[in-house]
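What follows is a set of notes on a single structure, which appears directly below.
The values are calculated or read from the model by the stated rules, or taken from the named source; none is laboratory data. What you are looking at is a predicted structure, and each value in this text was computed from that prediction instead of being measured. Because the Cβ atoms are built from the backbone with ideal geometry, glycine has one as well, and the counts that use them run over all protein chains shown. These area figures cover heavy atoms from the full protein model, side chains too; ligands, DNA and RNA do not enter into them. Shrake-Rupley method; radii C 1.70, N 1.55, O 1.52, S 1.80 Å.
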Amino acid sequence: MKYFLLLLCCAAMASCKQNKPSSDVAQHSADVHSFSRPDEAFVTHLNLSLQVNFDQKVIEGKATWEIENPSGADTIILDTKGLEISRVSLSDSSSNAEFELGPEDKFLGRALKVKIDKDTRQLTVWYTTSPEAVALQWLSPQQTAGKKQPFLFTQSQAILARSWIPCQDSPGIRFSYNAHVTVPKNLMALMSAENPVARNDSGVYSFTQPKKIPAYLMALAAGDLEFKAIDERTGVYAEPGSLDAAAWEFADMGKMVSAAEKLYGPYQWGRYDVIVLPPSFPFGGMENPMLTFVTPTVIAGDRSLVSLIAHELAHSWSGNLVTNATWDDFWLNEGFTVYFERRIVEDVYGKEEGKMQEVLGYEALKETLEDIGHSHPDTRLHLDLKGRDPDEGMTDIAYEKGYFFLRTIEEAVGRTKMDAFLKKYFTEHAFKSLTTEQFVAYLNTNLLKGDETLAAKVNLKKWIYEPGLPAGMPAIGSANFHYIDSVLAGWKKDVRPEGLKSHIRSANEQLYFIKRLPQELSVSDMKRIDAEFGFTQSGNAELNAAWFIHAIRHHYTAANPQIEAFLIRVGRRKFQIPLYTEMAKTPEGKSWAKKVYKQARPNYHSVSFTTIDNMLGD
Ligand code: BES
Ligand code: ZN
């Protein structure tokens, strides 16, 4: 009887463990965007087997998870979205395990609850993805550069991994993985792992990611791909026709890795390669470990946009090594990364380049604050995304307000202390996930150390928990922009100097010029600027997108064919959303937007068309 009571007691303790703030269960933070309960049972390693079927647009998968169950729970919960689960078994693969799929949540998908016992250490799920899987973009040969072979790529951040792998899809839960992927014989497959450098005849590729990563860093690409080395540690994958251009554009990758290591400690992931995706890739870049995914729109032909590589590389520390524990802490990933990115840029390309990019970052931040509203809760660094799609929190606030917060700390303590602090932060939290609160505690203990004058300068409560921008921003500016400021001041007084282009030469300067142009511009001003700079025809997508905003606003219709072609070709959400938003401001513009969108939509990734459907829907 006594024994029975003891057992009952233990069971009761185990079941309420998730509410207990005890240190041994505190490694996993509560995450409102995952059904999993890692404080009860969690995954540690994945053995994945995938068959990629381009005809059906599905992946058939077998995911074997190694698990730990410190609480002796009787259930483990995984996240799924649109997955058809055909069978689940525990370590003994011959017998079926009991499982159940919970009700569908619009954003989160369905919980997969599998019955386990306290000794279960392994579980296998056989499943098929849906043709509408949100993480997967299936491209026809026509949508690729080479036009001969189809292409598939995944995008798992923020909570899309669950649409192609049943997993505990929270950035606070980490696992290593192995994978075997079968693709059509003429394609090469790549993952966020150790990768092949050549195609093989079998179409079967094997991968190992020995380091523990969160599910949002699971990634796969398959297509007509080739590899070109840049140096011993870095290289580029691209379709054959764009490989040389990509390798030329990204020639400084090795230097960037060395610069980053010099700042914040050794690169922990072995190789650093980049894959150039087809133009429908919805982001500029995605920091998949060992293999950054990038948009081809960074290939401007003059290396002017390669700070994007510095950004994704920097995530190898801020994000992939030290990870935001939940999407409410997203600024810990992106704010630190923008800070680190600009330090790399400064090191490789000089102080002035860093300063110009900082000013451009501030321009973007001001625009975002105007759009969202300075007192909107989403302008706080620490977000509250409960019940919402985490994508809603992925604005320039995390990036640029996060950046300027770190710059404020840097100003207050000086670079030497800042760098020592960051290096220690990355070292001590390597392969761990961290909440904003944990970061604040770490900052207080290791940098502010009870110094009240310092704490007042850093003003962390205002920066992190309050909306808008605190007073006392670091002073910024670039001498390279002074001339442009004076031209634009004169512009308002109807002064139109000749020969602007010989003074406003670099992509940064031209971007600054476009962004700062007056709100009111005549069509003849637009014509004049375009005749001089050729922004409509530029091969630089950043310049195109910024210029097209003015073209739409000021009815500079000469640019319309290029605007349409750009929107049909480029799937990068950062460009699409502002352009469609600008078009939709007038009734005629909105019907134009709808017409273009109808043609463009088949080329867009789900993360893009979900937003634009809402925007243009009647
Ligand atoms: N990790 C992000 C991309 C992302 C964020 C994907 C949130 C899904 C959800 C990546 O590192 C990033 O920030 N990309 C930027 C480029 C960068 C230079 C600011 C982008 O895609 O524009
Ligand atoms: Zn980023």
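Given charges of +1 on the Cβ of Lys and Arg and -1 on the Cβ of Asp and Glu, with all other atoms neutral, how large is the dipole of the range 21-221 about its Cα centre, in debye to the nearest 20?
I would put it at about 800 debye.
Place the peptides 408-420, 127-139 in order of packing, highest mean first, counting for every residue the other Cβ atoms within 10 Å and averaging per peptide.
With the highest mean Cβ count within 10 Å placed first, the list reads 127-139, 408-420.
Please state the charge dipole magnitude for the range 482-616, taken about the Cα centre, from unit charges on C-beta atoms (+1 on K and R, -1 on D and E), reported in debye and rounded to the nearest 20. Display every interim value, and only then the final one.
Values: 20 positive and 13 negative charges, 76 e Å.
Charge dipole, the range 482-616, about its Cα centre: 360 debye, nearest 20.
Just to verify a number: what accessible area does TYR349 come out at with the full protein assembly present, 1.4 Å probe, Å² rounded to tens?
About 80 Å², rounded to the nearest 10.
Which of the aspartates and glutamates could a cross-linker bridge to LYS115, judged by Cα under 13 Å and excluding same-chain residues fewer than eight apart?
Once the sequence-local aspartates and glutamates are set aside, what remains near LYS115 is GLU40, ASP74, GLU98, GLU100.
Can you give me the distance in nm between label points at SER93 and GLU564, each placed 7 Å from the Cα along the Cα-to-Cβ direction?
Using points 7 Å along Cα→Cβ, the separation is 5.4 nm.
Structure shown: which of LYS118/LYS386; LYS424/LYS449; LYS148/LYS185 lie over 21 Å apart, alpha-carbon to alpha-carbon?
LYS118/LYS386
Per residue, what volume in Å³ does the convex hull of the Cα atoms of the chain enclose?
In the chain, the Cα hull volume divided by residue count equals 163 Å³.
For the chain, what % of the accessible area comes from carbon and sulfur atoms, probe 1.4 Å?
52
So if I take the centroid of the Cα atoms in the range 78-140 and the same for the range 251-309, what is the distance between those two points in Å?
Using only Cα atoms, the two centres lie 33 Å from each other.
Taking square-rooted eigenvalues a ≥ b ≥ c of the alpha carbon gyration tensor, is the range 354-465 rounded, prolate or oblate, where a/c under 1.5 means rounded and, failing that, a/b exceeding b/c means prolate? Before the final figure, lay out the partial values.
Working: a/c = 1.71, a/b = 1.35, b/c = 1.27.
In terms of gyration-tensor shape, prolate.
Could you tell me the calculated FRET efficiency between VAL204 and SER140, based on Cβ-Cβ distance and R0 = 22 angstrom, to the nearest 0.05?
0.40
Just name one of THR144, ILE476, ALA222: the one whose Cα is farthest towards the positive end of the charge dipole of the chain (beta-carbon charges, Lys/Arg +1, Asp/Glu -1).
ILE476
At most 16 other Cβ atoms within 10 Å and a DSSP loop assignment: could you name the GluC sites (Glu not before Pro) in the range 480-536 that fit?
GLU498, GLU520
Compute the relative contact order of the range 21-221 as a whole-number percentage, counting only Cα pairs closer than 8 Å that sit 6 or more residues apart in sequence.
23
Could you pull out the pairs from LYS355/LYS461; LYS81/LYS255; LYS211/LYS366; LYS255/LYS355 whose alpha carbons sit more than 31 Å apart here? Display every interim value, and only then the final one.
Working: LYS355/LYS461 27 Å; LYS81/LYS255 40 Å; LYS211/LYS366 38 Å; LYS255/LYS355 20 Å.
The answer is LYS81/LYS255; LYS211/LYS366.
Determine which residues of the range 464-482 fall in the zone a paramagnetic label at VAL440 would reach in this model, i.e. backbone nitrogen under 12 Å from the point 7 Å along Cα→Cβ.
Only 464-466 fall inside the zone, counting backbone N under 12 Å.
What FRET efficiency comes out for the pair SER86/ALA420, r = Cβ-Cβ distance, R0 = 60 Å, nearest 0.05? It would help to have the intermediate numbers written out before the result.
Working: r = 53 Å, r/R0 = 0.89.
Approximately 0.65, to the nearest 0.05.
Quick one: Cα centre-to-centre distance for the range 477-549 and the range 594-618, in angstrom?
30
Evaluate the distance, in nm, between pseudo-label points positioned 7 Å from the Cα of LYS595 and of ARG505 along their respective Cα→Cβ axes.
4.2
For a Förster distance of 35 Å, can you work out the FRET efficiency between the beta-carbons of ARG496 and MET473, rounded to the nearest 0.05?
Working: r = 33 Å, r/R0 = 0.94.
Computed FRET efficiency for ARG496 and MET473: 0.60.
Can you bin the range 385-519 into rounded, prolate or oblate? Criterion: square roots of the alpha carbon gyration tensor eigenvalues sorted a ≥ b ≥ c, rounded for a/c under 1.5, prolate for a/b above b/c, oblate for the rest.
prolate
How would PHE404, PHE99, PHE42 line up by accessible area, probe 1.4 Å, largest first?
PHE99, PHE42, PHE404
Helix-only estimate, please: 222 nm mean residue ellipticity of the chain, summing -39500 (n - 2.57) across DSSP H runs of length 4 or more and dividing by its residues, to the nearest 500.
The helix-only estimate for the chain comes to -11000 deg cm²/dmol at 222 nm.
Give a residue-ordered list of calculated ³J(HN,Hα) values for the range 103-110 (Karplus: 6.51 cos²θ - 1.76 cosθ + 1.60, θ = phi - 60°; whole Hz; x for Gly, Pro).
Calculated HN-Hα couplings, in order: x, 6, 9, 3, 9, 8, x, 10 Hz.
Return one whole number: the accessible area per residue of the range 21-221 in Å², for a 1.4 Å probe.
With the other protein chains kept in place, the range 21-221 gives 40 Å² per residue.
Counting only other residues whose beta carbon sits under 13 Å from that of ASP525, what net charge do I get with K and R as +1, D and E as -1?
Here the charged neighbours net out to +1.
Quick one: net charge of SER163's neighbours, Cβ under 15 Å, K/R +1, D/E -1?
Working: positive: LYS57, LYS81, LYS106, ARG110, ARG162; negative: GLU60, ASP79, GLU84, GLU104, ASP105, GLU132, ASP169, ASP389, ASP391.
Here the count lands on -4.
On the full set of protein chains, 1.4 Å probe, figure out the accessible area of SER304 and give it in Å² to the nearest 10.
Taking all protein chains as shown, SER304 has close to 30 Å².
Does the range 172-235 classify as rounded, prolate or oblate by the C-alpha gyration tensor (a ≥ b ≥ c root eigenvalues; a/c under 1.5 gives rounded; else a/b over b/c gives prolate, otherwise oblate)?
Cα axes put the range 172-235 in the oblate bin.
Quick check: with the 1.4 Å probe, what order do ILE549, ILE484 take by accessible area, largest first?
Details: ILE549 30, ILE484 0 Å².
Of ILE549, ILE484, the descending order of accessible area is ILE549, ILE484.
How high is the relative contact order of the range 482-616? Use alpha-carbon pairs under 8 Å, at least six apart in sequence, and give a whole percent. Working shown, then result.
On the way: 98 pairs, mean separation 23.5, N = 135.
So the answer I get is 17 percent.
When only C-alpha pairs under 8 Å and at least 6 residues apart count, what is the relative contact order of the chain, in percent?
So the answer I get is 10 percent.
Grab the Cα-Cα distance for LYS585 and LYS366, subtract it from 0.36 nm times how many residues apart they are, and report the gain in nm with one decimal.
Result: 76.8 nm gained on full extension.
So which GluC sites (Glu not before Pro) in the range 162-245 are both in a DSSP loop and have at most 15 other Cβ atoms within 10 Å of their Cβ?
The qualifying sites are GLU232.
So which aspartates and glutamates pass the test for LYS574, namely a Cα distance under 14 Å, with those fewer than 8 places away in the same chain ruled out?
Within reach: GLU367, ASP391, GLU392, ASP396, GLU542, GLU582.
Of all trypsin sites (Lys or Arg not before Pro) in the range 489-524, which ones are in loop regions per DSSP and have a Cβ with at most 15 other Cβ atoms within 10 Å?
Answer in residue order: LYS492, LYS493, ARG505.
Report the gain in length on full extension from GLN122 to LYS457: 0.36 nm times residue separation, minus Cα-Cα distance, nm rounded to one decimal.
My answer for the length gained is 115.5 nm.
I want to check the label-to-label distance for ALA251 and LYS449. Put each point 7 Å from Cα in the C-beta direction and report it in nm to one decimal.
With each label placed 7 Å out from Cα toward Cβ, I get 4.6 nm.
About its Cα centre, what dipole magnitude does the chain give when the only charges are +1 on Lys and Arg Cβ and -1 on Asp and Glu Cβ, stated in debye to the nearest 20?
The dipole magnitude comes to about 160 debye.
Accessible surface of LYS255 in the full protein assembly, 1.4 angstrom probe, to the nearest 10 Å²?
The accessible area of LYS255 comes to roughly 120 Å².
Mind checking the full-extension length gain between ARG388 and SER258? Use 0.36 nm per residue of separation minus the Cα-Cα distance, one decimal, nm.
Using 0.36 nm per residue and subtracting the Cα-Cα distance, I get 42.9 nm.
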